[in-house]
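The structure appears below as structure tokens.
No value in this document is a laboratory result; all are computed from the given coordinates. Everything numeric in this text was worked out from a predicted model, so none of it was measured. Please note: Cβ atoms are built from the backbone with ideal geometry, for glycine as well, and neighbour counts cover all protein chains shown.
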Amino acid sequence: MNISRQSAVRPATRGTERSSTRRAELIAIGRKLFADTSYDALSMDDIARQAQVAKGLIYYYFHSKRGYYLAIIEDSVAGLVGFAASGAGLPPVERVHRTIDSYLRYAEHNQAAYRAIVSGGVGFDTEVHAIRDGVREAIVATIAEGAYGRTDISPVARMGLLAWVCSVEGAALAWIDRGELSRETMSELLVKTLGGAMRAIEELDPAHPAPAPARRDV
């Protein structure tokens, strides 16, 4: 009985694994396609041709071009947030440094995915914008946890950190495009600008004091 059960289960398990692998491969291909070409400029025929797969396969996994694009964005966001939150066990100041360095490391080594997250090609699409807003909030929460030891921060502190995160998106895009600075230099620059944002937050809301290193950095 045990043998027959295993025989019945294993083919299904292998099929599920192949399906997951195939889906992941299509997402990886889509990242590169949408990073280089706008959403509106790519038809499903274009995508299938460049991916060298039958168009029906993309419909099978994602149902539509928009479903395909959303899956790419969501997968990219999960990767970025996972990288940025990788220093959870570190002391607060070290965690902030690790978060920034991990964010840049992800942007550097996953450029197509990063561009899909922060620039995209759908235009005014509320669902895509909600996904992007979600990653911004996740980064804000990670920074707040590292800097203040909590995520339930005031509106002033949240807006100050959100403004910094939005500026980082544009700066990181320019950084990976130009290649003029090392990741270490870029990371230190962003740490210092974060220190400036935190000092401004402290001036407006003394209940959220900037960590001591942020006060010393000029």
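Using a Cα-Cα cut-off of under 22 Å, which lysines could be cross-linked to K32, ignoring same-chain neighbours fewer than 8 residues away?
K55, K65
Calculate, for L204 and L173, the FRET efficiency according to 1/(1 + (r/R0)^6) with r their C-beta to C-beta distance and R0 30 Å; round to the nearest 0.05.
0.55
What's the magnitude of the charge dipole for the stretch 70-216 around its Cα centre, counting Lys and Arg as +1 and Asp and Glu as -1 at the beta-carbon? Answer in Debye, nearest 20.
On the way: 14 positive and 19 negative charges, 83 e Å.
It works out to roughly 400 debye.
Can you check how the C-alpha radius of gyration of the stretch 70-216 compares to 2.2 N^0.38 Å, as a plain ratio?
1.01
Figure the gain on full extension for E94 and E108 (residue separation times 0.36 nm, minus the Cα-Cα span) and round it to one decimal in nm.
3.0 nm
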